[in-house]
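Take a look at the structure set out below.
Quick note: the coordinates plus some simple rules give every number you see, no bench work behind them. In this text, all values refer to a predicted model and were calculated from it rather than measured experimentally. Please note: Cβ atoms are built from the backbone with ideal geometry, for glycine as well, and neighbour counts cover all protein chains shown.
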Amino acid sequence: MTYLELRQVAFYYPRKMKPALTGINLKFEKEEITAITGPNGCGKTTLTKLMIGVLRATEGEIYLAGSPLTNYSLGEIGRRIGYVFQKPDLQLFCSTVAEEVGFGLNNRGYDPETVKEKIKFYLDYFELTGYQNAFPLNLSQGEKERLAIAAVLANEPEFLILDEPTIGLDAFRKKLLENYLKKIARLGRGMILISHDESFVNRLAERVVIMADGRIQGCNERKESACYEA
Ligand SMILES: Nc1ncnc2c1ncn2[C@@H]1O[C@H](COP(=O)(O)OP(=O)(O)O)[C@@H](O)[C@H]1O
Ligand SMILES: [Mg+2]
């Protein structure tokens, strides 16, 4: 079954005459990696904010797992779809790095030992171990990006949306992120990557959606994606 579907979606920001998005018809499968590309201001971030219910479509319908998105609470959507914001500062709110990674797990009632183990795993993987007691907003840009990604991945959501996740990451950290995303893709979890990083997109995405000026300009299937190679 299609996981996310947009039908004839349009969106206007308040007091704007020109739509930020118009005539959007798109389907996303649960186990597929789709990249969304297009110039700055073409509507990529707006499109994904509609998919998680943070913004509401002005026209058209959005479906999640076959039901209208409006039937779900924001909390229900958040438990299903992990979302990494373009600006990590907007999503970090805990007083330490370790708390940030454990927040969702504690919230879902995992036992403290499991939470501790998972925090350790994600901090190690994203090379943040030395910062576990640091205040998240005092980290460098690249560290904040890694923390935001670690905090979302630690919740093990069934689907992921990452908005420009490679900005602020050096080549080595980009490769680490790529390897991790390939690993969760092999576990059957799909994702949407918004990225201008052509080599990152080429190595991960099975489908590339190209946007321009609030519309879908085209889609390329990339069956040769290296994603499922061992
Ligand atoms: N909060 C906002 N209020 C008004 N207009 C906005 C807001 N956020 C984005 N826009 C406008 O909507 C359009 C699409 O923006 P955005 O979705 O951020 O594009 P992208 O992520 O592709 O760079 C742009 O013209 C932008 O100026
Ligand atoms: Mg954007």
Next item on the list: Quick one: dipole size for the chain, taken about the Cα centre, charges +1 on Lys/Arg Cβ and -1 on Asp/Glu Cβ, in debye to the nearest 20.
Entry: 480
Check: Please report, for the Cα atoms of region 117-226, the Rg to one decimal and the Dmax as a whole number; what are they, in angstrom?
Finding: 15.0, 46
Notebook entry, point to check: Roughly what angle does helix 141-154 make with the longest principal axis of the chain, taking Cα atoms, 0 to 90 degrees, to the nearest 10?
Noted result: 90
Item checked: Share of Cα-Cα pairs in region 117-164 lying beyond 18 Å, as whole percent -> 27
Checklist line | Hydrodynamic radius (Kirkwood) for region 1-134, which is based on Cα pairs only, to one decimal in Å | finding: 17.2
Check: With labels modelled as points extended 7 Å from the Cα through the Cβ direction, what inter-label distance (nm, one decimal) is found for Arg80 paired with Thr129?
Finding: 3.8
Next item on the list: Can you give me the P(r) profile for region 60-137? Cα pairs, bins 10 angstrom wide beginning at 0, each as a whole percent.
Entry: 16, 40, 28, 14, 2
Next item on the list: Jot down the per residue volume, in cubic angstrom and as a whole number, of the convex hull over the alpha-carbon atoms of the chain.
Entry: 131
Checklist line | Formal net charge of residues neighbouring Ile216 (Cβ-Cβ distance under 13 Å; K, R +1; D, E -1) | finding: +4
Margin query: Suppose R0 equals 22 Å. What FRET efficiency, 1/(1 + (r/R0)^6) with r the Cβ-Cβ distance, do Arg203 and Glu31 give to the nearest 0.05?
Written below: 0.80
Margin query: Please compute the contact order of the chain in relative form: average sequence separation of alpha-carbon pairs under 8 Å and at least six residues apart, divided by the residue count, as a percent.
Written below: 27
Check: For region 1-57, what is Rg from Cα atoms divided by 2.2 N^0.38 Å, rounded to two decimals?
Finding: 1.16
Next item on the list: Please give the calculated 222 nm ellipticity per residue for the chain, where each DSSP H segment of at least 4 residues contributes -39500 (n - 2.57) and the sum is spread over every residue; nearest 500 deg cm²/dmol?
Entry: -10000 deg cm²/dmol
Checklist line | Beta bridge orientation in the chain: antiparallel %, DSSP, nearest 5 | finding: 55
